[in-house]
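The values are calculated or read from the model by the stated rules, or taken from the named source; none is laboratory data. What you see is a predicted model; the values in this text were computed from it and never measured. In this analysis, Cβ positions are derived from the backbone assuming ideal geometry, glycine residues included, and neighbour counts consider all displayed protein chains. For the accessible areas, the whole protein counts, side chains as well, though only heavy atoms, and no ligand, DNA or RNA atoms are used. Shrake-Rupley method; radii C 1.70, N 1.55, O 1.52, S 1.80 Å.
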Amino acid sequence: MDTLKFAESFFGKYGNRDIRPVLFFSPGRVNLIGEHTDYNGGFVFPCALNFGTYLLIRQTNNDILRFSTINFTDDAEVKIEGMFTNQGKRWINYPLGVINEFLKRGVKISGLEMLYYGDVPNGAGLSSSASIEMVTAVALNEFFAAGLSTLDLVKMSQSAENKFVGMNCGIMDQFAVGFGRTDNAIFLNCDTLQYENVPIRLGESTLIITNTNKRRGLTDSKYNERRSECEKAVELLQPLRPVKNLSEIQISEIPLLPQYIKDEVVLRRAKHVITENGRVLEAVKVLKNNNLVRFGELMNQSHDSLKDDYEVTGKELDTLVYEGRKLPGVIGTRMTGAGFGGCTVSIVRKNDSANFMKILAENYKNITGLVPEFYQPEIGNGAGRLEY
Ligand code: GLA
């Protein structure tokens, strides 16, 4: 990221070189294990990436919010006069939803000039939206001296996504991009929001993210469908125990479930969530003991469960994962994020990584006709101000 060039673009857009804008950054995230557990009060294990969304921002003395992005041409100017409403299919819904959350809390907002730049691929399941939300939230918190905690900002960003954008996500993405720490993953209990930073020491291995480059299709509607299937399971399990979410059910109780859940599909959804929680707990434990091989096995099992029981993978993700597993040096590989498209995350021995990317790209293209993209990210810090 060339910040001086970015600042030049800001001045090109908004003029007045006398007042220097302030720079903020929020990462994207990749989830190592613990998928579709967050909205079930379960465990997740994501980490922040070293790519994300940059925001240059400056206050004005009027009541206009001006938005622009380097990524595409869709500038906007909105007057501050009460709460904002959804702007249709436009990217400014992400920042506007967050600004609304500040207004709801009685924070007084005045005019701003904002220029965004994101290097998280859009719609790839690496949380480009949480990244835009959190970069806006940390910037406004500082600019208007709102004094909100990181956890407040995380919850406000999630609320913006749920209520303003209309995507009913859990808390994992906003939490990961808010609380990320360099070289650590976040072991988060999504019920209590207690978390622990766990160092990721991959030694002779490395993280590789592979983008299916499948166009985003039904992800949101399928996501909401899975959420309601889980709610259905919780409802059906009430006679067993008055549980408030699926994560209160233990693995040892799985044999009891068919007594209560007759619908075979709902049963498999519940089974995924319960077993996935178990896998996260074990994954964190083995990682602390430097047992990367077992960590990789658990990643593989996670994918299999997301494919067979939760049914959120699809041809593209499965091709990357099952073709990937055939290649030398692959410790573990699975889909990451909501699924249906988006990315896989793999741990691969460094010496085999070039071969992995080359052969996997060929095989994936032969089978799906699509060209994948590879990223070798570093694990970075959460959202905050950058000096430049
Ligand atoms: C998306 C959502 C998250 C989480 C994952 C699946 O990324 O935004 O809240 O539910 O899917 O684990």
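Distance between the C-alpha centers of the range 1-72 and the range 323-365? Whole Å please.
Going from one Cα centre to the other spans 29 Å.
In Å³ and rounded to a whole number, note down the convex hull volume per residue for the Cα atoms of the range 30-187.
Spread over its residues, the Cα hull of the range 30-187 gives 111 Å³ apiece.
Can you list the GluC sites (Glu not before Pro) in the range 293-388 that are in a DSSP coil and have 15 or fewer other beta carbons within 10 angstrom?
Loop-located and lightly packed - Glu378, Glu387.
Whole number please: convex hull volume per residue of the Cα set in the range 94-144, in Å³?
76
Treating the beta-carbon of each Lys and Arg as +1 and of each Asp and Glu as -1, no other charges, what is the dipole magnitude of the range 248-321 about its Cα centre, to the nearest 20 debye?
Using Cβ point charges on Lys, Arg, Asp and Glu, the range 248-321 gives about 240 debye.
Quick check on the chain: what does the Kirkwood estimate of hydrodynamic radius come out to from the alpha carbon pairs, in Å?
So the Kirkwood estimate lands at 21.6 Å.
Between Tyr39, Tyr375, Tyr364, where does the largest GNM mean-square fluctuation fall for the chain, given springs only between Cα atoms within less than 10 Å?
Tyr375
What accessible surface, in Å², does a 1.4 Å probe find on Lys214, ignoring ligands, DNA and RNA and rounding to the nearest 10?
Approximately 70 Å² of Lys214 is accessible to the 1.4 Å probe.
Using only the Cα atoms, work out Rg/Rh for the range 1-114, with Rh taken as the Kirkwood radius, to two decimals.
On the Cα set of the range 1-114, Rg over Rh gives 1.03.
Roughly to the nearest percent, how much of the accessible area of the chain is carbon and sulfur, given a 1.4 Å probe?
48
Alpha carbons only, please: Rg and Dmax for the range 33-79, in angstrom.
Expressed in Å, the Cα Rg and Dmax of the range 33-79 come to 17.9, 46.
Roughly how big is the range 64-147's charge dipole about its Cα centre, with Cβ charges of +1 (Lys, Arg) and -1 (Asp, Glu), in debye to the nearest 20?
260
Tell me which of Phe295, His272, Ser305 sits at the most positive position along the dipole axis of the range 262-309, charges placed on C-beta atoms (Lys, Arg +1; Asp, Glu -1).
Phe295
For the range 20-122, which GluC sites (Glu not before Pro) are both in a DSSP coil and crowded by at most 13 other Cβ atoms within 10 Å?
Glu81
Accessible area per residue, 1.4 Å probe, Å², for the range 24-128: what's the number?
34
Take every Cα pair under 8 Å in the chain that's 6+ residues apart, average their separations, divide by the length, and report that relative contact order as a whole percent.
Once normalised by length, the contact order is 24 percent.
Counting only heavy atoms of protein chains, what accessible area per residue, in Å², does the range 247-388 have with a probe of 1.4 Å?
43
Can you grab the distance from the C-alpha centre of the range 369-388 to the C-alpha centre of the range 134-174, Å, no decimals?
Between the Cα centre of the range 369-388 and that of the range 134-174, the gap is 20 Å.
Among bridges DSSP assigns within the range 33-133, what percent are antiparallel (round to 5)?
If we restrict to bridges inside the range 33-133, about 70 percent are antiparallel.
Which trypsin sites (Lys or Arg not before Pro) from the range 1-54 combine a DSSP loop assignment with at most 16 other Cβ atoms within 10 Å?
Those that pass, being in a loop and sparsely packed, are Arg17.
Find which of Val44, Asn31, Met114 sits farthest along the positive direction of the dipole of the range 10-133, computed with +1 on the beta-carbon of Lys and Arg, -1 on that of Asp and Glu, about the Cα centre.
Met114
Quick check on the range 267-388: take the gyration tensor over C-alpha atoms, sort the square-rooted eigenvalues as a ≥ b ≥ c, and tell me if it's rounded (a/c under 1.5), prolate or oblate.
Rounded is the answer for the range 267-388, as its axis ratio a/c remains below 1.5.
Cross-link partners among lysines for Lys108, C-alpha distance below 16 Å, same-chain residues fewer than 8 apart left out?
Filter leaves Lys79.
Exceeding 22 Å between C-alpha atoms, which entries from my cross-link table qualify? They are Lys244/Lys285; Lys222/Lys358; Lys214/Lys307; Lys89/Lys222; Lys104/Lys163.
The pairs that break the limit, which is 22 Å between Cα atoms, are Lys244/Lys285; Lys222/Lys358.
Is there a quick way to get the dipole size of the chain? I mean about its Cα centre, with the Cβ of Lys and Arg at +1 and of Asp and Glu at -1; what is the value in debye to the nearest 20?
120
Run the paramagnetic zone check for Thr275: 7 angstrom along Cα to Cβ, then residues of the range 293-313 with backbone nitrogen under 19 Å.
294-313
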